[in-house]
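Heads up: the structure comes next, in structure tokens.
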Amino acid sequence: MIVQLPGIRPEIAQQAIPDDERVWVPQAKDVWFRPLLLNTVTGSWCNLLRVRKSGVLSRHIHPSWVTGLVLKGAWRYLEHDWVAVEGSFVYEPPGEIHTLVVDEAVGAQEMITFFNIHGAMVYVDEAGAVTGYEDVFTKIEMCRKHYRECALGEGYVDQFVR
């Protein structure tokens, strides 16, 4: 007989693109993310990434794989010649260094992409020197700080943490 074990956290079922702008957490100039799942057990997270006007998510590398699905607009990597347009699925292999950009070259005013990130994001400069780091725990802290400052309350992020 199969039975459900005690202590399982409830599922998450929410509108992904929120009506309340405060849910979007600033990440860089013209770049925000909306947490959907912050999994402290697996070290992974799912979020929407939104870029308005022209924006750049700094040059980075993932030690594990990443998948994305473009919901609105378009984006590209400076290091590649393809463009991810609305409806595109993207798989990023572990160890690839890339720079996500939304600019005039893709003709988008706003981009929203669902990303499923496993492990960390390590920001690097042109020489490969580490300039920053993000993982599920730093994402949670970014959310706590933002939600505290925007009056949603730092505990608002807890609904996305598993």
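List of remarks:
- Sparsely packed trypsin sites (Lys or Arg not before Pro) within the stretch 1-51, loop by DSSP, other Cβ within 10 Å at most 11: LYS29
- Solvent-accessible area assigned to carbon and sulfur over the chain amounts to 59 percent, based on a 1.4 Å probe.
- Part-to-part distance (alpha-carbon centres) for the stretch 78-153 and the stretch 40-74, which is given in Å: 4
- Residue by residue, the stretch 41-53 carries 3J(HN,Hα) couplings of 6, 9, x, 10, 8, 10, 8, 9, 10, 10, 10, 10, 6 Hz when phi is fed to the Karplus relation 6.51 cos²θ - 1.76 cosθ + 1.60 (θ = phi - 60°); x denotes Gly or Pro.
- Counting only protein heavy atoms and a 1.4 Å probe, the stretch 23-105 has 44 square angstrom of accessible area per residue.
- Mean sequence separation of contacting Cα pairs (under 8 Å, at least six apart), scaled by the length of the chain, corresponds to a relative contact order of 26 percent.
- Per DSSP, loop chymotrypsin sites (Phe, Trp or Tyr not before Pro) in the stretch 26-69 with at most 16 further Cβ within 10 Å: TRP65
- Nearest-ten-degree value, helix 136-149 long axis tilted from longest Cα axis of the chain: 80
- Distance histogram for the stretch 1-134 (every C-alpha pair counted, 10 angstrom bins, percent rounded to whole numbers): 11, 40, 34, 10, 4, 1
- FRET efficiency for VAL41 and LYS72, using Cβ-Cβ distance with R0 set to 25 Å, rounded to 0.05: 0.25
- Lysines whose Cα lies under 18 Å from that of LYS145, excluding same-chain neighbours fewer than 8 positions away: LYS29
- Note on the stretch 1-52: Kirkwood hydrodynamic radius from all Cα pairs is 13.3 Å, rounded to one decimal.
- Charged-residue dipole, Cβ positions (Lys, Arg, Asp, Glu), the chain about Cα centre, Debye nearest 20: 400
- Across the stretch 21-62, C-alpha contacts under 8 Å between residues 6 or more apart give a mean separation that, scaled by the residue count, equals a relative contact order of 34 percent.
- The longest part of the chain holding none of the exposed loop GluC sites (Glu not before Pro), meaning those outside H, G, I, E and B in DSSP with at most 14 other Cβ atoms within 10 Å, is 12-78.
- Inter-label distance for VAL85 and ALA28, nm, one decimal - labels placed 7 Å from Cα along Cα-to-Cβ: 2.5
- Over the stretch 79-162, relative contact order from alpha-carbon pairs under 8 Å, at least 6 apart, %: 13
The values are calculated or read from the model by the stated rules, or taken from the named source; none is laboratory data. In this text, all values refer to a predicted model and were calculated from it rather than measured experimentally. Neighbour counts are summed over all protein chains in view; Cβ atoms, including those assigned to glycine, are modelled from backbone coordinates with ideal geometry. Areas reflect the complete protein model, heavy atoms only, side chains present, ligands, DNA and RNA absent. Shrake-Rupley method; radii C 1.70, N 1.55, O 1.52, S 1.80 Å.
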